[in-house]
Structures are given as structure tokens and as C-alpha cells.
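The values are calculated or read from the model by the stated rules, or taken from the named source; none is laboratory data. A quick note: this is a predicted structure, and the numbers were derived from the prediction, not measured. All Cβ positions, even for glycine, are placed from backbone atoms using ideal geometry, and neighbour counts span all protein chains on display. Please note that ligands, DNA and RNA were not included when accessible areas were found on the heavy atoms of the full protein model with its side chains. Shrake-Rupley method; radii C 1.70, N 1.55, O 1.52, S 1.80 Å.
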Amino acid sequence: MSAIIEYLKSPELVVKVQEFFGIEYLHAHRDGKIDSSVRDGEVNGKAGLAKRGQQQVANGDLSSLDEDSSSSSSTSSGNGCDKHQIGKDKPYRVTNKFWYYLFIIGTELGDEIFYATFIPFWFWNIDSAVGRRVIMVWSAVMYVGQSLKDIIRWPRPGFPVSRLQKKWGLEYGMPSTHAMVSVAIPFSVLIYTYDRYIFSLPAGLAFAVIWCAVICFSRVYLGMHSVLDILAGLVLVVTLMIPLIPIVDKLDYIIVTSSWSPIPVLAVSILLIVFYPDSGIWTPTRGDTALTVSVCAGLEIGAWLHYMLGDFRPPANPPPYEVIWPSYAMMGMLLLRTVLGLCCIVATRAFGKSISYAFVCFLLGRDKNELRQSENTLQNKNKIIVELSYKFFACAMIGFNTQYLLPNVFKLLRIGRPDFYTEI
């Protein structure tokens, strides 16, 4: 078993997957090994880097270590070869553009830009009841996955892997939260919509499987995860979703209909962020986790306010319902809602960040510009407090406006989505 784990974890296996999909290493043998002269040059060149790296990790500064690793290794061998560059050239060549662009698009399905467009689009144009449940599953899965990254602390694939993407490079690799999201979002959408609407289950399953496969393969293709990271993420998310799906279904109804639910929702959200596991060094995962938790809290509080004001009512008829496909006029309204709403979301984020950042800096007695430019380390407690606070406030505002404020604005402008069935 240990031999299998080491094989699935090995960077050489990542190289083989990359080569299978058209990445040609310029110094590679057919078995995916790098020339011994290149490997020896890099190993020897890392001797000085290791000592500096240990000192930086001890100080809790991962970002400077990453920068030193990049700059130092670029001159580690006589021919200037390292993990990412050969002189000024890349050590690989993309020979299949189809896989390259497919996987670049696929990896963005687990990025903040996708969340910022998909979540509002679903709430404004499809079904907020399904949307809230999906986001609650997504938030719980992301919290567990990101926490485990900072507890396990396994690095991402190293030499001889070339990374085609640098984003998320400061995060640990095990488990892959991209792999977890690739299951959590499409399959929770499928489960919750199938419980409410009449549509083809095989078509939905095929779409979800393709969605999941593209994201998972993209992470190995880009050199950001080992095969073991992906498999662990898939096993973990399936294990989590078995109890989560029914629990979330009941929990959403309780939160929306209970009189005092905003208090525990806010309290639990803040506690989850405050008591996030300590990784020992600074990573961006804690801030990303605060984003997911606060968006979920804002959405649920917005739905609760809708219910308390009588906007949400129990369904007249029980599900499942027929899918009502939009007419041309409805498509025009859909586009108008989406464009106008996304502009408001961008403005909400900018306003929420500016106000909350300045306010928390004022409470701490720190200059906001000076703090913003300071280092990202665990010792810089003030910056951590400020960034977590503004992310919580700004993202909770985004969630609240997505569920409550903007739908009401759309109705005032007479471009609102018709509530065909029910929103609870």
C-alpha cells in the first residue's frame, strides 16, 4: 500500500500525465525523467536555498521563500535550468492546444471569478432554494478541504514537474480542493434540482461527470497537484456529501424559517474563521475560507429576511415541477439582470472592502496603506485581522445583496425573475 501511495504521489507520474496530454519536456527522456546533468545541477544549487528556506519557514514567511526559490534555482545550474525556466525560455512545449485551452478553462471552474458569476446567475435566473443548498454544501466542503491542507501540509509537486500555472502556488496540495469542488457543485446541483424539477437524469449525470473530469485532469496537467491529491479530494468529498446532502436540505429550511437564526449563523461563521487551524506558516487558504463562509452566511440571512417579510411562501403544489424554459423576452430580462447585477456586485465588493478595511485599521490604530503593503506573515497579526475582517464583511454583503437586495431592485425595475414555484 505504501508503494502505491508513493507512486500516486510522485512528481514523475504528473510528468507522464502532462506528456500524455501534449506537454513536451525539452530535456525529458521518454520515461519522463530529466537529464541527469540538469537534475544534478539543480540539486547542487539548492544547498544554499535550503538553509534560507528553513529560516524563512521558521519566521512564518512562505511568500518570501517562494520568491527566493524561484530566483535562486534559476541560477542553480550551469545552463540556467530550473523547475520552471531554461534561461528565459520555458522547459516545455505545448504540442496540443485543445487540451491546453480545455484545461485552462477547466481549472477556472474552481476559481473566485467563476464563483462570483455562477452564484449570482443561479440566484437571479434559476432557483434560489437550490442555490442556497448548493452554496452551503460548497462552503462546508471548502472549509474541510482547506483546513486539511494546512493540517497535513504536503507540498505541491516539485522537480521534475513544470507548473503551467503559478496561482495558488503558496497553498499546500493535499487534498485538492479543486477536485472536491468539481464534485460538490455539479452533483449537489444535480441532486437538489432532481428532487424539485423534471428533467433527464442521464443527461445531468453525464454533464456532472464531464465537469468533474475536466477540473481534476486540469490540476494534474497544470502541475499543481499530484494524482494522489486528486484522488484524496474525490474520496473525501464523496464521504462528506453522503451526510451533508440531507443535513443541508433540512438545515436551510430551519435557518430560513426560524425567528432568531441570523444570530447563530453569524456566530458560527465568525467562530469558524477565528478558530481556523494554524498551518505554522502564512498561506492564503484562511482568507479564501473566510470568503466561502461569509458568502454562505449572507445568502442565508438574505433568505431569512425574505421569509420574515412574507416574500417567500410555502409551495402551493408539492415538487417535482416542470422546467419552464425562457422565451426570447425572458432571455432579454435574464441578460439585463445578469449584467446589471454583476456590476452591482463589483461595486459592493469595492465599497465593502474599502469601508471595512479603513474601519478595522482605525480600530487597531494602524495606517491602512502601510498595513496593506506590509509582509504576509503569521507575526503580522494586525494584517491578518484586517484582511479576514474585510473579507468577511464584503463577502457577506455580496451574499446578502445577491439573495435579498438585488432581486428586490430587479422587481422594482420590472425585470425580476418570476417566482414560478417557491423559494424555500
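Brief remarks follow.
- Check on L291, more than 24 Å from I191 (Cα to Cα) and open to solvent by less than 50 Å² (accessible area, probe 1.4 Å): yes
- Among the residues of the stretch 178-231, the one identified as under 30 Å from V94 (Cβ atoms) and among the acidic types (D, E) is D229.
- Positions within the stretch 268-308 being in a helix (DSSP H, G or I) and more than 30 Å from E423 (Cα to Cα), in sequence order: V274, T285, R286, G287
- Scanning the stretch 232-281 for residues that are open to solvent by less than 50 Å² (accessible area, probe 1.4 Å) and among the β-branched types (V, I, T) yields a total of 9.
- Selected residue (only one of G223, G233 is in contact with a strand residue (DSSP E or B) (Cβ under 9 Å, 6 or more places away or on another chain) and either modelled with pLDDT under 90 or of a type in the set (G, A, S) (or both)): G223
- Flag for T283 being in contact (Cβ under 8 Å) with a residue 60 or more places away in the chain and either under 20 Å from the mean Cα position of the chain (by Cα) or closer than 15 Å to M142 by Cα (or both): yes
- Considering G173, G106, the condition of being touching a residue at least 60 places away in the same chain (Cβ under 8 Å) and either crowded, with 20+ Cβ neighbours inside 10 Å or polar (S, T, N, Q) (or both) is satisfied by G106 alone.
- Hits in the stretch 187-231 - residues which are in a helix (DSSP H, G or I), of a type outside the set (V, I, T) and open to solvent by less than 30 Å² (accessible area, probe 1.4 Å): S188, L190, Y192, G204, A208, C212, C216, S218, R219, Y221, L228, D229
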